[in-house]
Amino acid sequence: MTIPFDPSIFPARWEEHHARQALTAWRESKLTIRAFGRLHRVQQKRLVRWFRRLGAIAAPARRASRSRPSPPSFVELVVPEPVRPAQQDPFAIEFDGVTVRVPPIFEADALSELLAVLRC
């Protein structure tokens, strides 16, 4: 819905409701404040001054969303365990005639399961 805007009926000194009407018309026009001022023969300074005075109340929706930060929220952060530098040589385990070479970084549970399989 476009609000008709005729600043010629406004008094020389605007009141708040005049400014609200002008800013609403500007917002709906989707023009820059300079282009809107030229089109309607309204001083850009006046529009900017009222825009600042009225603040977020008269701010366009696209600008109001940027000016208001979103409320803080928390996100779970999972930090992987640090990778330790590998030693130069793996070590070997001999078990029932089978040699198992184990890298310096290994999971004890996995090695335990492997040895259990070899026992069978």
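The values are calculated or read from the model by the stated rules, or taken from the named source; none is laboratory data. Computed from a predicted model, the values in this text were never measured in an experiment. We place every Cβ from the backbone using ideal geometry, glycine too, and count neighbours over all the protein chains shown.
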**Request:** Might you let me know whether region 63-84 holds any residue that is modelled with pLDDT under 80 and closer than 30 Å to ARG119 by Cα?
**Result:** no
**Fill in**
Subset of region 5-23, residues more than 17 Å from ARG49 (Cα to Cα) and within 39 Å of the chain's Cα centre (by Cα), comes to PHE5
**Asked** Would you pick out the residues in region 22-53 that are surrounded by fewer than 15 Cβ atoms within 10 Å (Cβ to Cβ), of a type outside the set (A, V, I, L, M) and within 13 Å of PHE5 (Cβ to Cβ)?
**Response** GLU28, ARG41
**Message:** Which count do you get for residues in region 24-38 that are assigned to a helix (DSSP H, G or I), over 14 Å from ARG49 (Cβ atoms) and either of a type in the set (Val, Ile, Thr) or touching a residue at least 40 places away in the same chain (Cβ under 8 Å) (or both)?
**Reply:** 1
